[in-house]
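Shown next, in structure tokens, is the structure this report addresses.
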Amino acid sequence: MTPVRAGSLARRGSWIRVLANFRETVTLSFDSLRASKLRSGLTVLGVVIGVSVVMAMASIVQGIRDQIVQTIEIAGPTTFYVMKVFTQTPLNPDQLPKWVRIRPDLSRDEAERIAALPMIGYASIWAQVFQRVEYNGVRTQPQAIMGADDRFTEIQGGELASGRWFTHAELASGTAVVVLDVDVARRLFGAISPLDRLVRIGGRPARVVGVYQPAANIFQPPGQEIAAIVPYGMLDHQFTIDKTGALYIPVKPKPGVTVTDAQEAVTVALREIRRLRPADHNNFDMITQDQILDVFNKLTGVFFLVMIALSSVALLVGGIGVMAVMMISVTERTREIGVRKAVGATRADILLQFLFEAATLTGTGGVIGILVGLGVGRGVTTLMHVPAIPPLNLTLAAVFVSISLGIVFGMLPARRAARLDPIDALRYE
């Protein structure tokens, strides 16, 4: 036999021995875990909780973010909003700070002036109140009633399912007409056509002229969907509008005009209307779609970090539990370790066996946690009517982290088992 062939056979034999040892290690590890099912189950519980919280929150946040991006695409990435004040700190309408109170309210004249600018394709004044819609004793919960115009779908998306939008005369006079949301119409009228029938909005009559099928919109959480759209003039005449937080002017530049240029034009126009001097600060705010997304990212980022911290505590507790259980397992199986070493098992074999057991515990907890978390996330996003895509990168990271957790926290018990003297281990009672 040539030396080359002999070396090849030797390498092949070593690989066979390695595979045989690994197979034996895996078999012994699973046998040990099956022998103590309750203890193993309780050990992985902390890992399951930690991973499931992270996965659920990731699914929900990702789903909501995708929905916001979709909503922005519906309105158009160049659409922006003029508001009396924009702040990330909630304001109490009954106790507004002075710098907010001294700002003038937005007006229809300002919206018309903005709409007439050469760079602007659309601008109008919109508002929102929360009222019940009622017909023949059947009524909804308080939901958003939008005061807008006949170009509502250009900003909010969706389409007219039946009927018509408002006429110019109805918009100008604030006639009591309404376009109902399709779900609200179905709830109030069932199979009956709602067109030309009178409903009551906040106790005030309005004639139904159309039915609106909305686009999915994350800015309308469950219970606060837009129930109806009425002419802005009607809303302004018949209801009390929170002009600080519920009144705004959506602005859409003409094709080819950048958001920056459009905002500059709007700023100049409003400063002229309000007779602001060059040294005066703007007494209005503008918010772009990117700012909306940035605000959402900041809010959910903080929330997500809190969830990560809480789940990390659960993972840490789970890891400590794995280490404690593995230490107990080493003590209980001291004679078994001695027997294995006596029949030829090396320190590396023993170390690998206990590391594999620890990694299996946390890996199993990670997989279960991923399934539970994705299930919870899917359920929540379904209730919110938000399509959610499982975060693949985070799923892979969760599996890696959970297995790594077992290896890290299982290292101490595994090293203790590997260093046992076989003679002392055989004598252990």
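The values are calculated or read from the model by the stated rules, or taken from the named source; none is laboratory data. As the structure is a prediction and not an experimental result, all values here were calculated from the model. Methodologically, a virtual Cβ is constructed for each residue, glycine included, from the backbone with ideal geometry; neighbour enumeration extends over all protein chains shown.
For this structure, a couple of remarks:
- The residue of the range 134-187 that is surrounded by the most Cβ atoms within 10 Å (Cβ to Cβ), among those that are in a strand (DSSP E or B) and in contact with a Ser or Thr (Cβ under 8 Å, 6 or more places away or on another chain), is A148.
- Condition broken by T167, with the remaining ones in (1) free of Cβ contacts under 8 Å to residues at least 40 places away in the same chain; (2) within 13 Å of A228 (Cβ to Cβ) satisfied: (2)
- Some residue of the range 385-404 being modelled with pLDDT of 70 or more, in contact with a Ser or Thr (Cβ under 7 Å, 6 or more places away or on another chain) and over 20 Å from D66 (Cα atoms): yes
- Condition met for K243 (assigned to a loop (DSSP other than H, G, I, E, B) and either surrounded by 15 or more Cβ atoms within 10 Å (Cβ to Cβ) or at pLDDT below 95 (or both)): yes
- Near pairs, Cβ below 7 angstrom, 6+ apart or cross-chain, from the range 52-66 (assigned by TED's automatic domain parsing to the domain that holds T364 and under 9 Å from L374 (Cα atoms)) to any residue that is modelled with pLDDT under 75 and not in a helix (DSSP H, G or I): A58/P391; S59/A388; S59/P390; S59/P391
- One residue stands out in the range 61-86 among those that are modelled with pLDDT of 75 or more and in contact with a helix residue (DSSP H, G or I) (Cβ under 9 Å, 6 or more places away or on another chain): the one that is nearest to S312 (Cα to Cα), namely F86.
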